[in-house]
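Trainee: Before I ask anything, let me first share the structure, which is written out below as structure tokens.
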Amino acid sequence: MSPVRVQVGAVEPSGERVKPLRVAVIGTGRLGTVLARELAACGHNVVAVVTRRVSRARRAAASIGSHPHALTISQLDLLPPIELLLITTPDDAITETATRLAAVERTNLAKRPVALHTSGVASSDALAPLRERGFYIGSMHPLVSISDPTSGAENLRSAFYCLEGDRNAVSLARRLVRELGGKSFSIKPGDKALYHAAAVVSCNHLVALFDLAVELMTRCGLSKSNALSVLAPLLRTTCENIATRGPQRALTGPFTRADVATVRRHLAALEAQHASEALAVYTLLGRRSLRLAQQAGADVLRLREIALELDHKDGKKTEVADMTDNSRRLL
């Protein structure tokens, strides 16, 4: 069941009545369009959507219940009065967009409007030109993958959002997240790149890892579609186990059993296939699996044997002694 969203006009626990905001959304990609739709569905007045091409802005505007103006980036002076500016452009366009917006006369803005961007890697400092013009600035990044508008809307309603920036901007962003049905957490602006790297490893790199597994399965004679069908349930149950039990207890297979013989056979098979990329990934992630296996109580001596096998196969023979020392320290 989807979380219940807070409707505008309701009363917050503090006793404060939630008032609708006049919102302009700059950028009408998947995220910008879905956010605009959902904010309108919560009762906010999305008064304008802005993009580089008017045709795209019109398509986005037609799908939003509040019937916003469709503007191009060169028409920022035509923005209706707003209290919230939501910038959902690509990361490399955020500061340029903020600079353009900062040049717009203040006649179409609230007394102290809020500007939020949705980048995962850029901090709120990317909006510094707007702070100089009296905006409270912040970032509101939904930690979710949006591949299409329909599933994206559903995912936004159950997402975690990473917030940082000026206190007033973060406070407003936290309110928006509650209204959307999500949950929020905050980090320091200087940690945004590290935070985003963690997100990329858990999402984008997982996709790349799965693609590598599909490739290996096709070398066994399966078609790509069959390989996808065969491996997808394994990935799904693994993700469920991680979410409910944590990485240490979710780890299964030869590393958690300290099964030296099986790891040797894997390494030999990858080498025989000349699958150098897969071999490199196997050895790199194998070392991480060794740590998890040790934490779960696997046999230390046999884990050290696996560590030496990994060193040998990835060409680090000269570092075996050092790695053994590291293994003793870690294991």
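Trainee: Return the single residue from Val34, Val214, Val50 with maximal mean-square fluctuation; model: Gaussian network over the chain, springs between Cα atoms under 10 Å.
Mentor: So, out of Val34, Val214, Val50, the one fluctuating most is Val214.
Trainee: Glu83: accessible area at probe 1.4 Å, nearest 10 Å²?
Mentor: Approximately 60 Å² for this residue.
Trainee: For every helix of n ≥ 4 consecutive DSSP H residues, a contribution of -39,500 (n - 2.57) applies; sum these over the chain, divide by its total residues, and give [θ] at 222 nm rounded to the nearest 500 deg cm²/dmol.
Mentor: Numbers: 14 runs with 166 residues, N = 331.
The helix contribution divided over the chain gives -15500 deg cm²/dmol.
Trainee: While we're here: Work the Kirkwood hydrodynamic radius out for segment 108-218: mean of 1/r over every pair of different alpha-carbon atoms, inverted, in Å.
Mentor: After inverting the pairwise mean of 1/r, the radius is 15.3 Å.
Trainee: Kirkwood hydrodynamic radius for the chain: how many Å is it when counted over pairs of different Cα atoms?
Mentor: About 22.8 Å for the chain.
Trainee: Positive end of the dipole of the chain, charges at C-beta (+1 Lys, Arg; -1 Asp, Glu), about the Cα centre: which of Pro189, Met217, Leu292 has its Cα farthest in that direction?
Mentor: Selected residue: Pro189.
Trainee: Give me the percent of Cα-Cα pairs in segment 19-69 that sit more than 16 Å apart, rounded to a whole number.
Mentor: 24
Trainee: I've got another one for you. Which percent of the accessible area of the chain is formed by carbon and sulfur heavy atoms (probe 1.4 angstrom)?
Mentor: Summing carbon and sulfur atoms, their accessible area is 54 percent of the total for the chain.
Trainee: So how do Cys239, Cys162 rank on accessible area, 1.4 Å probe, biggest first, that is with the largest at the start?
Mentor: Working: Cys239 55, Cys162 0 Å².
Result of the area sort, largest leading: Cys239, Cys162.
Trainee: Could you tell me what a quarter of the Cα convex hull surface of segment 184-281 works out to, in nm² with one decimal place?
Mentor: Reported value for the Cα convex hull: 8.5 nm².
Trainee: Could I ask something else about it? If packing is taken as the mean number of other Cβ atoms within 10 Å per residue, what is the order of 65-76, 123-134, highest first? Write out the running numbers ahead of the final one.
Mentor: Working: 65-76: 17.2, 123-134: 19.5.
In decreasing order of mean packing, 65-76, 123-134 become 123-134, 65-76.
Trainee: If you put +1 on each Lys and Arg Cβ and -1 on each Asp and Glu Cβ, how big is the dipole of segment 162-234 around its Cα centre, in Debye rounded to 20?
Mentor: The dipole magnitude comes to about 240 debye.
Trainee: Another question about this same structure. Show the residues, 5+ positions off or on another chain, whose built amide H is closer than 5 Å to the amide H of Ile82.
Mentor: It is Leu109, Ala110, by chain and number.
Trainee: Residues of the chain: accessible area per residue at 1.4 Å, in Å²? Walk me through the numbers before you get to the answer.
Mentor: Values: 17480 Å² over 331 residues.
Computed with neighbouring chains in place, this is 53 Å² per residue.
Trainee: Could I ask something else about it? Sorted by packing (mean other beta-carbon atoms within 10 Å per residue), highest first, where do 93-100, 231-238 land?
Mentor: Answer by packing, highest mean first, reads 93-100, 231-238.
Trainee: Please say if segment 253-297 is rounded, prolate or oblate, where rounded means a/c under 1.5 for a ≥ b ≥ c the square roots of the C-alpha gyration tensor eigenvalues, and otherwise the choice is prolate for a/b larger than b/c and oblate otherwise? Present the calculation step by step, with values, prior to reporting the outcome.
Mentor: Values: a/c = 4.46, a/b = 1.76, b/c = 2.53.
Because a/c hits 1.5 or more and a/b fails to exceed b/c, segment 253-297 counts as oblate.
Trainee: At a threshold of 8 angstrom on Cα-Cα distance, excluding pairs fewer than six apart, so keeping six or more, what relative contact order does segment 242-309 reach in percent?
Mentor: Answer for segment 242-309 is 47 percent.
Trainee: Sticking with this one: Whole-Hz ³J(HN,Hα) for each residue in segment 36-43, computed from phi via Karplus 6.51 cos²θ - 1.76 cosθ + 1.60 with θ = phi - 60°, x for glycine and proline: what do you get?
Mentor: 4, 4, 5, 5, 5, 5, 7, x
Trainee: Also, quick follow-up: How large is the charge dipole for the chain, taken about the Cα centre, if only the Cβ atoms of Lys, Arg (+1) and Asp, Glu (-1) carry charge, to the nearest 20 debye?
Mentor: 660
Trainee: Follow-up. Roughly what % of Cα-Cα distances in segment 53-182 sit above 22 Å, to the whole percent?
Mentor: 39
Trainee: Of Ile64, Leu101, Ile242, which is farthest along the charge dipole of the chain in the positive direction, counting Lys and Arg as +1 and Asp and Glu as -1 at C-beta?
Mentor: Ile64
Trainee: So, with +1 on the Cβ of K and R and -1 on the Cβ of D and E, and no other charges, what is the size of the charge dipole of segment 92-215 about its Cα centre, to the nearest 20 debye?
Mentor: Numbers: 14 positive and 13 negative charges, 170 e Å.
Result for segment 92-215 is approximately 820 debye, rounded to the nearest 20.
Trainee: Could you tell me what fraction of 2.2 N^0.38 Å the Cα radius of gyration of segment 53-127 comes to, as a two-decimal ratio?
Mentor: 1.12
Trainee: Oh, and also: Running a GNM on the chain with Cα contacts under 10 Å, which residue among Arg112, Arg174, Arg287 ends up with the highest mean-square fluctuation?
Mentor: In the Gaussian network model the winner is Arg287.
The values are calculated or read from the model by the stated rules, or taken from the named source; none is laboratory data. Computed from a predicted model, the values in this text were never measured in an experiment. Please note: Cβ atoms are built from the backbone with ideal geometry, for glycine as well, and neighbour counts cover all protein chains shown. In case anyone asks, the SASA skips ligands and DNA or RNA and just uses the protein heavy atoms, side chains included. Shrake-Rupley method; radii C 1.70, N 1.55, O 1.52, S 1.80 Å.
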